[in-house]
Amino acid sequence: MSFTVSERSTLFFHKPPSVATFASVVGKKEGEGPYGKSFDRVESDAYFGQKTWESAESTMFKEAVTTAIEKGSFRTSDISFLASGDLLNQCTATGYAARRLNIPFLGLYGACSTMAESLFIAALLVSGGAKRALAATSSHFCSSERQFRFPLEYGSQRPPTSQWTVTGAGAVILESEGKGPYITCATAGKVIDAGVCDANNMGCAMAPAFCDTVVRHLSASKSKPTDYDLIISGDLGYTGKRVASDLLKQEYHINIDAVYSDCGCMIFDPKKQDVHSGGSGCGCSASMLAGYILPQMKKGHLNRVLFVATGALMSPTMSCQGESIPSIAHAIEFNNCV
């Protein structure tokens, strides 16, 4: 076998897949944030030249994928598989983009955890014999608001715990040979329901799933938090990040604060940009990973990173029926050394 599975559902790759290239595309608001200069492209037109929000997201996703391919001087025929998804029904943005890419496509849905899920599948494919696989995902503020909450025209008020869905896309190409960074191991998440019913407080809903995955990953890898340069959650936001930190200390006696950050807390400037509890959406962690974290690893500024993307598996229909929000978190460990 090309990998070993621990009893805690952590995969250890015998020949770790290498990160070949990566690319990120974001919207205007994200480009005005602290990491605006890190992204490959910042688009000022929220429609990305299209007529609808959904087509705009699809165009943005395709731009991230093709940029990652071009940065590696690859052709689409050099990519064996595209593992990707988004927040929309039937993976609309990625599916409609894939019809123009001519790459074998595996559509995935993990809500905001989808980037980690995509990387998990892509790493398995490369470990299993594929020469290259591309992991990618996207989200768009306007298309997500229309599907999960209210159309923008409604002008609804947002409570302090709500997060701003990031307009962004990230793409990462993994290959069987390369100089790294490498994906050395990965932990699949469990669906955990903390009983939170408020769709405007997804950070609290997702925090327990993040903690469960982190604890299982640390145990399986026999690691402690300070072994990492960075442990980063997908998009718990300010509220969820505090809950996760407290929960780890109180329930598991683990303190990750010295190395812990959250993509939803990083991508916007809370003092200058009105985003309440920070960013969200699967494009949040995807664009931060491809725009900032992996470039920092390539430069040697970060050597070991635990990337834990979190997802609220909510359904607007079920929420209206009074159901709570089940959540999940997948962990991907990046390492410059193998």
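The values are calculated or read from the model by the stated rules, or taken from the named source; none is laboratory data. For clarity, every value in this text was computed on a predicted model and none was experimentally measured. Positions of Cβ are backbone-derived with ideal geometry, glycine not excepted, and every protein chain shown enters the neighbour counts.
The residues of segment 86-97 that are within 20 Å of Leu289 (Cα to Cα) and assigned to a helix (DSSP H, G or I), listed by number, are Ala93, Thr94. Within segment 198-227, track down each residue that is over 22 Å from Gly279 (Cβ atoms), touching a strand residue (DSSP E or B) at 6+ places or on another chain (Cβ under 8 Å) and in contact (Cβ under 8 Å) with a residue 40 or more places away in the chain. Within segment 198-227, Asp212, Arg216, His217, Ala220, Ser221, Asp227 meet the criteria. At least 2 residues being among the hydrophobic types (A, V, I, L, M, F, W, C), farther than 14 Å from Phe141 by Cα and assigned by TED's automatic domain parsing to the domain that holds Ala122 is the threshold, and among the strands (runs of 3 or more DSSP E) wholly inside segment 7-61 those reaching it are 10-13, 18-27. Evaluated against (1) out of contact with any Lys or Arg (no Cβ under 7 Å at 6 or more places or on another chain); (2) modelled with pLDDT under 95, Trp53 falls short on exactly one condition, (1).
Residue by residue through segment 99-124, note down the ones that are part of a helix (DSSP H, G or I) and under 22 Å from Phe141 (Cβ atoms). If you could, list the steps in order and put the result at the bottom.
Pass one, segment 99-124, residues part of a helix (DSSP H, G or I): 111-124.
Scanning segment 99-124 gives Ala111, Cys112, Ser113, Thr114, Met115, Ala116, Glu117, Ser118.
Got a number for residues in segment 157-197 being outside any strand (DSSP E or B), touching a residue at least 40 places away in the same chain (Cβ under 8 Å) and more than 30 Å from Glu70 (Cα to Cα)? Here the count works out to 14. Put simply, of Ala64, Ala111, Ala135 the only residue that is in contact with a Leu (Cβ under 9 Å, 6 or more places away or on another chain), closer than 23 Å to Ala309 by Cα and at pLDDT 95 or above is Ala135. Taken as a whole, the structure places Thr76 among residues that are of a type in the set (Val, Ile, Thr) and modelled with pLDDT of 95 or more.
You will find that of Glu63, Glu57, Glu145, Glu117, the residue that is touching a residue at least 60 places away in the same chain (Cβ under 8 Å) and over 28 Å from Glu177 (Cβ atoms) is Glu57 and no other.
Look at (1) closer than 22 Å to Ile103 by Cα; (2) out of contact with any strand residue (DSSP E or B) (no Cβ under 9 Å at 6 or more places or on another chain); (3) crowded, with 19+ Cβ neighbours inside 10 Å and you find that Trp53 fails only one, number (1). Taking segment 20-39 as the range and being more than 18 Å from Val275 (Cβ to Cβ) and surrounded by 21 or more Cβ atoms within 10 Å (Cβ to Cβ) as the test, the residues that pass are Ala20, Thr21, Phe22, Ala23, Ser24, Val25. Kindly indicate whether any position in segment 62-85 is crowded, with 22+ Cβ neighbours inside 10 Å, assigned by TED's automatic domain parsing to the domain that holds Ala136 and part of a loop (DSSP other than H, G, I, E, B). There is at least one residue in segment 62-85 that is crowded, with 22+ Cβ neighbours inside 10 Å, assigned by TED's automatic domain parsing to the domain that holds Ala136 and part of a loop (DSSP other than H, G, I, E, B).
Entry remark, segment 267-296: residues being under 14 Å from Ser38 (Cα atoms) and either outside the structural domain of Ala207 (by TED's automatic domain parsing) or in contact with a Gly (Cβ under 8 Å, 6 or more places away or on another chain) (or both) number 10 in total.
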